[in-house]
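Undergrad: Before anything else, here's the structure in question.
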Amino acid sequence: MSKSYLFPPGFLWGSATAAYQIEGSPLADGAGPSIWQRFAHTPGRMLNNDNGDVACDHYHRWRDDIALMKQLGLQSYRFSIAWARVLPDGVGRVNPKGLDFYERLVDTLLENDIQPMATLYHWDLPAALDDRGGWLNRDSADWFAEYARTMFERLDGRVRRWATLNEPWVVTDGGYLHGVLAPGHRSQYETPIASHNLMRAHGAAVKVYREVGKHEVGLVVNIEPKYPASDSAEDLAATRRADAYMNRQYLDPAFFGRYPEELREVFGDAWQDWPQEDMELIRQPIDFVGLNYYTRNVSRHDESNWPQKVSAVRQPMHTYTETGWEVFPQGLVDTLMWLKDRYGNPQVFITENGSAFYDPPQAENGRIRDPLRISYLRQHLRAVHEAIEAGCNIGGYYVWSLLDNLEWSLGYSKRFGIVHVDYDTQTRTPKDSARYYSRIVASHGADLAHDDE
Ligand code: BGC
């Protein structure tokens, strides 16, 4: 008899997006500008000078997009709220039209039996707050708590699962260390401060949630498991540094109230001893970890790679996606087991997993064939199943992404969607991977047993 891939009852199947990547109309109806609005409109920052002015025009087409999810049989939708739509200046004055947009979205999802999961911060800090120092300002924790309270008070109950931050590592590594994401700074000295304030903001929002919310709140991190390129002492130390910097930097303080030792080595004189009260604020019990998993990293010591002194070794004969990421489903099993063993088997949602591949530019007889994405999905969903069998507490899976969208500073050049978007006409065409995913959802995983599409 062939192996059964049936998932546990209640396991949720969904898809994920983020506000700036899909909504368009970033300044509509009284919204304030965000750091992404500014970054994307600064010459030279974005590939092909792309920006999020129109994106997938989801701000106007959200009803159709929900209909599409319904048609695919999806049970949950992870989206993010654009902070500056709701609070144009980041704090203070609330913009009712911004709130209404998300309220309508949530109500319509519920009418269609699709459970919303809302992310409060998917990288689009209100520009007015960046003018006050953004994440470098210690007040940012209070700003975020005020915004979180506004959203919880308005929507908790209808939204029953909230994520505070999406990928604080990417926010700081891309936005404050390497300057490739908004706000585009390049400073080893700012990076740990921004990271620490993001985590204080996370803690402050969770505290507010315990006062006013009744359901679940968690943190979304991207974990890339690190494997040593050799067993030399240097490569082993490099692997530990890389793991501390990317993976443990956020979960260790959230769960244990302390940072990994190796960060001192990574940041050198830029690292600080943080006040104990901050660590207590950060360490708030959470209801789930959101895991974004895309790839792994084979690490070797490399003096020239600032500031971690680690670089990745390419694996010959392995498949790489169009963003240059190795396809490595075993890494998802290893990561889920690591979360279980290190952090006491928390409830985990795979809040993102997916791939960009070269898709045919246009539909042929209504079809977009994307076999590599199907294979990526199948392998990673089998990995999730394996982790569940090994005792991991996994509540659901969200494919990244529902739609092709703005891949941040890479603009529209990378397509992660299971649904193709024609940016000239805004036509949506489910790719073969969407049909495949829909079949897996309908069979609650059972159809993963087959190798065909
Ligand atoms: C982010 C998404 C992004 C995806 C693919 C994650 O880092 O949360 O916004 O599009 O990965 O790069």
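Undergrad: Hey, can you tell me all the residues within the range 399-433 that are of a type in the set (A, V, I, L, M, F, W, C) and buried (at least 20 other Cβ atoms within 10 Å of the Cβ)?
TA: Restricting attention to the range 399-433, the residues satisfying the condition of being of a type in the set (A, V, I, L, M, F, W, C) are 399-400, 402-403, 406, 408, 410, 416, 418-419, 421.
Scanning the range 399-433 gives Val399, Trp400, Leu402, Leu403, Leu406, Trp408, Phe416, Ile418, Val419, Val421.
Undergrad: Related question: Would you confirm whether or not the range 30-48 contains a residue that is on the phi > 0 side of the Ramachandran plot and without any contact (Cβ under 8 Å) to a residue 60 or more places away in the chain?
TA: yes
Undergrad: Can you find, within the range 297-324, the residue that is farthest from the chain's Cα centre (by Cα) among those that are within 16 Å of the ligand (Cβ to nearest atom) and under 22 Å from Pro371 (Cβ atoms)?
TA: The residue in question is Tyr320.
Undergrad: May I ask you to list the residues in the range 330-383 that are closer than 17 Å to Ser438 by Cα and assigned to a helix (DSSP H, G or I)?
TA: Result: Pro371, Leu372, Arg373, Ile374, Ser375, Tyr376, Leu377, Arg378, Gln379, His380, Leu381, Arg382.
Undergrad: Kindly establish whether Gly179 is small (Gly, Ala, Ser), at positive phi, more than 14 Å from the ligand (Cβ to nearest atom) and modelled with pLDDT of 95 or more. Let's see the steps before the verdict.
TA: On the way: small (Gly, Ala, Ser): yes; at positive phi: yes; more than 14 Å from the ligand (Cβ to nearest atom): yes; modelled with pLDDT of 95 or more: yes.
So Gly179 fits the description; yes.
Undergrad: Under 8 Å between Cβ atoms, which residue pairs at least 6 apart in sequence (or on different chains) link something in the range 208-227 that is within 16 Å of the ligand (Cβ to nearest atom) with a partner that is charged (D, E, K, R) and in a loop (DSSP other than H, G, I, E, B)?
TA: Gly218/Asp287; Val220/Glu167; Val221/Glu167; Asn222/Glu167; Glu224/Arg296; Pro225/Arg296
Undergrad: Which of (1) closer than 30 Å to Ala254 by Cβ; (2) in a helix (DSSP H, G or I); (3) away from the ligand (no atom under 12 Å from the Cβ) is the odd one out, the single condition Ser409 does not satisfy?
TA: Checking Ser409 against (1) closer than 30 Å to Ala254 by Cβ; (2) in a helix (DSSP H, G or I); (3) away from the ligand (no atom under 12 Å from the Cβ), the one that fails is (3).
Undergrad: Thr164 is checked against (1) in contact with a Lys or Arg (Cβ under 9 Å, 6 or more places away or on another chain); (2) within 16 Å of the ligand (Cβ to nearest atom) and fails just one. What number does that condition carry?
TA: Tallying (1) in contact with a Lys or Arg (Cβ under 9 Å, 6 or more places away or on another chain); (2) within 16 Å of the ligand (Cβ to nearest atom), Thr164 fails exactly one: (1).
Undergrad: Let me ask something else about it. Being part of a loop (DSSP other than H, G, I, E, B) and farther than 14 Å from Ser15 by Cα is the filter; apply it to the range 384-406 and report the residue that is farthest from the ligand (Cβ to nearest atom).
TA: The selected residue is Gly391.
Undergrad: Next up: Are any residues in the range 321-334 surrounded by 15 or more Cβ atoms within 10 Å (Cβ to Cβ) and not small (Gly, Ala, Ser), and if so, which ones?
TA: Going through the range 321-334, the residues surrounded by 15 or more Cβ atoms within 10 Å (Cβ to Cβ) turn out to be 321-323, 325-329, 331-334.
Thr321, Glu322, Thr323, Trp325, Glu326, Val327, Phe328, Pro329, Leu332, Val333, Asp334, listed by residue number.
Undergrad: Collect the residues in the range 270-307 that are outside any loop (DSSP other than H, G, I, E, B), surrounded by 17 or more Cβ atoms within 10 Å (Cβ to Cβ) and of a type in the set (D, E, K, R), keeping them in residue-number order.
TA: Answer for the range 270-307, where residues must be outside any loop (DSSP other than H, G, I, E, B), surrounded by 17 or more Cβ atoms within 10 Å (Cβ to Cβ) and of a type in the set (D, E, K, R): Asp278, Arg300.
Undergrad: Could you count how many residues in the range 1-50 are outside any helix (DSSP H, G or I) and either more than 16 Å from the ligand (Cβ to nearest atom) or buried (at least 23 other Cβ atoms within 10 Å of the Cβ) (or both)? Reasoning before the result, please.
TA: Within the range 1-50, the subset outside any helix (DSSP H, G or I) is 1-18, 23-27, 31-34, 41-46, 50.
Retained after the next criterion (residues that are either more than 16 Å from the ligand (Cβ to nearest atom) or buried (at least 23 other Cβ atoms within 10 Å of the Cβ) (or both)): 1-18, 23, 25-27, 31-34, 41-45.
Matching residues across the range 1-50 total 31.
Undergrad: Of all residues in the range 343-362, count the ones that are farther than 23 Å from Gln75 by Cβ, in contact (Cβ under 8 Å) with a residue 60 or more places away in the chain and in contact with a helix residue (DSSP H, G or I) (Cβ under 9 Å, 6 or more places away or on another chain).
TA: So the answer is 4.
Undergrad: Also, quick follow-up: Scan (1) in a helix (DSSP H, G or I); (2) away from the ligand (no atom under 16 Å from the Cβ) for the single condition Arg138 breaks and write down its number.
TA: Here Arg138 clears every test but (1).
Undergrad: Only one of (1) surrounded by 22 or more Cβ atoms within 10 Å (Cβ to Cβ); (2) in contact with a strand residue (DSSP E or B) (Cβ under 9 Å, 6 or more places away or on another chain) is not met by Gly98, so which one is it?
TA: (2)
Undergrad: Sticking with this structure for a sec: What residue, of Arg415, Arg435, is closer than 24 Å to Ala363 by Cα and away from the ligand (no atom under 16 Å from the Cβ)?
TA: Sole residue among the options that is closer than 24 Å to Ala363 by Cα and away from the ligand (no atom under 16 Å from the Cβ): Arg435.
Undergrad: While we're here: Tyr358 - would you say it is more than 14 Å from the ligand (Cβ to nearest atom), of a type in the set (Ser, Thr, Tyr), over 18 Å from the mean Cα position of the chain (by Cα) and under 19 Å from Tyr294 (Cβ atoms)?
TA: Considered against the rule, which asks whether it is more than 14 Å from the ligand (Cβ to nearest atom), of a type in the set (Ser, Thr, Tyr), over 18 Å from the mean Cα position of the chain (by Cα) and under 19 Å from Tyr294 (Cβ atoms), Tyr358 comes out as yes.
The values are calculated or read from the model by the stated rules, or taken from the named source; none is laboratory data. The structure presented is a predicted model; accordingly, all values stated were derived computationally and were not measured. Cβ atoms come from the backbone with ideal geometry, glycine included; neighbour counts cover every protein chain shown.
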